[in-house]
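What follows is one structure encoded as structure tokens, with my remarks underneath.
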Amino acid sequence: MKVTAVVLTGFLGAGKTTLLNRAIALRAERGDGAGDAGGGKLGIIVNELGAIGVDGDLLPRGAARQVELPGGCVCCMLNEDLDRTVREMLDAAPEIDTLIIETTGVAEPLPIVWALEEPSIAERVRVAAVVAVVDPTSFPAARAASPTAEQQVEHADVVVISKRDVAAPSELDAVRAAVRALAPAVPCVEGTLEERAAWLLDVLRDPETQRGTSDHDDRDHGHDHDDEHDHVQTHGIDAVALNVDALVDLEELEDALAELPREYIRVKGILWAVDPRTGSDVPGWIAVHRVGTRVSSERVGEPVGGGRLVALGPGVREAPVRAGVARAVVSSE
């Protein structure tokens, strides 16, 4: 499978480095090295020398471009060529399966996404999401200072609201309204720093999609259909899971997932699918993803036990997910 890439953006001082540092520390505290994406290393690319700040001494001037961080993470500095930086990092550490690119505070995220979608790198990397960190205490001033502050929100797939512990209620209300006006479909993640860091590790990771397994198995909720399903809640995030035995139209499924409400922050499925956009009617196993508002897919090997779809978010429900799958079904044989 491809490496999952997350672009972490936010205006100067918004708190993105603080969030990333806490996520790295939390990952190390968990001691499992697999807290982000199921077993591999977390790769971090920063485009300023001191940006990572997991103590500044970890990236002294003149040091090697790649540095091992706590929790099995690897960090490097972004050179002038993002394509080359990513390829060199993945070549040096092939066990990386999740990549976070922290931008400068005045960077627009779209050029980075476009660079990651170039053929030379897209064959190895799948852009999962643009995550924009917004500080409610300084966002009005940031908007006045530069159009980049708004562009970071407008082009985000998920917005993380930082510094809730110091923001006034009126500032929080104002930033929520501003985000909703700039990006109506984009979900907002709030909470303490610890909760936001756990979200970055837990919700952006690939949820378990093996059929018939769950750490919190709760199969019977009074539904009168025959398919197995799970409905769990962790860190305030609900989850539903469906077994999918049918052949589906990938294009139609992606459209259906994209239309789910903003509360469906994370969706992953491995399904037997055909993609009419390729000009071929030969089906294969496809992993399909939604993080925030972004939907992507990739070919994968055959899963254990068949197809499955998992959705996570506050208040997610089974019916919309099931309806989206039904809309994409080509054959149930």
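The values are calculated or read from the model by the stated rules, or taken from the named source; none is laboratory data. The shown structure was predicted, so the numbers you read here are calculated from the model rather than taken from an experiment. Glycine gets a Cβ as well: all are built from the backbone with ideal geometry, and neighbour counts include every protein chain shown.
Could you give every pair whose Cβ atoms fall below 8 Å, whose first residue belongs to the stretch 309-333 and is over 24 Å from CYS188 (Cβ atoms), and whose second residue is acidic (Asp, Glu) and at pLDDT below 95, counting only separations of at least 6 or pairs across chains?
That search, which allows pairs on different chains as well, returns SER332/ASP245.
Check the stretch 123-138 and report whether any residue there is assigned to a helix (DSSP H, G or I) and either within 17 Å of ILE44 (Cβ to Cβ) or not assigned by TED's automatic domain parsing to the domain that holds ILE265 (or both).
Checking the stretch 123-138: not a single residue is assigned to a helix (DSSP H, G or I) and either within 17 Å of ILE44 (Cβ to Cβ) or not assigned by TED's automatic domain parsing to the domain that holds ILE265 (or both).
Does the stretch 76-103 hold any residues that are part of a loop (DSSP other than H, G, I, E, B) and free of Cβ contacts under 8 Å to residues at least 60 places away in the same chain, and which are they?
LEU78, ASN79, GLU80, ASP81, ALA93, PRO94, GLU95, listed by residue number.
What residue, of ALA168, ALA178, ALA122, is under 20 Å from VAL7 (Cα atoms) and either free of Cβ contacts under 8 Å to residues at least 60 places away in the same chain or not hydroxyl-bearing (Ser, Thr, Tyr) (or both)?
Being under 20 Å from VAL7 (Cα atoms) and either free of Cβ contacts under 8 Å to residues at least 60 places away in the same chain or not hydroxyl-bearing (Ser, Thr, Tyr) (or both) holds for just one of ALA168, ALA178, ALA122, which is ALA122.
Condition check: surrounded by 16 or more Cβ atoms within 10 Å (Cβ to Cβ), at pLDDT below 90 and small (Gly, Ala, Ser). Does GLY236 satisfy that?
No: the conditions fail for GLY236.
How many residues, within the stretch 102-124, are aliphatic (A, V, I, L, M) and farther than 27 Å from LEU12 by Cα?
Adding up the residues that qualify gives 2.
Tell me whether the stretch 107-119 contains one or more residues that are at pLDDT 95 or above and surrounded by fewer than 22 Cβ atoms within 10 Å (Cβ to Cβ).
no
Given the structure, is ALA197 free of Cβ contacts under 8 Å to residues at least 24 places away in the same chain, assigned by TED's automatic domain parsing to the domain that holds PHE11 and either in a loop (DSSP other than H, G, I, E, B) or not aromatic (Phe, Trp, Tyr) (or both)?
Taking the combined requirement at face value, the residue does not satisfy it.
Pick out the one residue from ASP157, ASP135 that is closer than 18 Å to ILE101 by Cβ, in contact (Cβ under 8 Å) with a residue 60 or more places away in the chain and of a type outside the set (A, V, I, L, M).
ASP157
Among the numbered criteria (1) under 27 Å from ALA258 (Cα atoms); (2) at pLDDT 95 or above; (3) surrounded by 15 or more Cβ atoms within 10 Å (Cβ to Cβ), which single criterion is violated by THR137?
So THR137 meets the others, but not (1).
Being assigned to a strand (DSSP E or B), in the same structural domain as GLY43 (by TED's automatic domain parsing), within 19 Å of the chain's Cα centre (by Cα) and buried (at least 19 other Cβ atoms within 10 Å of the Cβ) is the requirement here; does VAL179 meet it?
So VAL179 does not fit the description; no.
Output the residues belonging to the stretch 138-176 that are within 22 Å of the chain's Cα centre (by Cα) and over 19 Å from THR18 (Cβ atoms).
THR148, GLU150, GLN151, GLU154, HIS155, ASP157, ARG176
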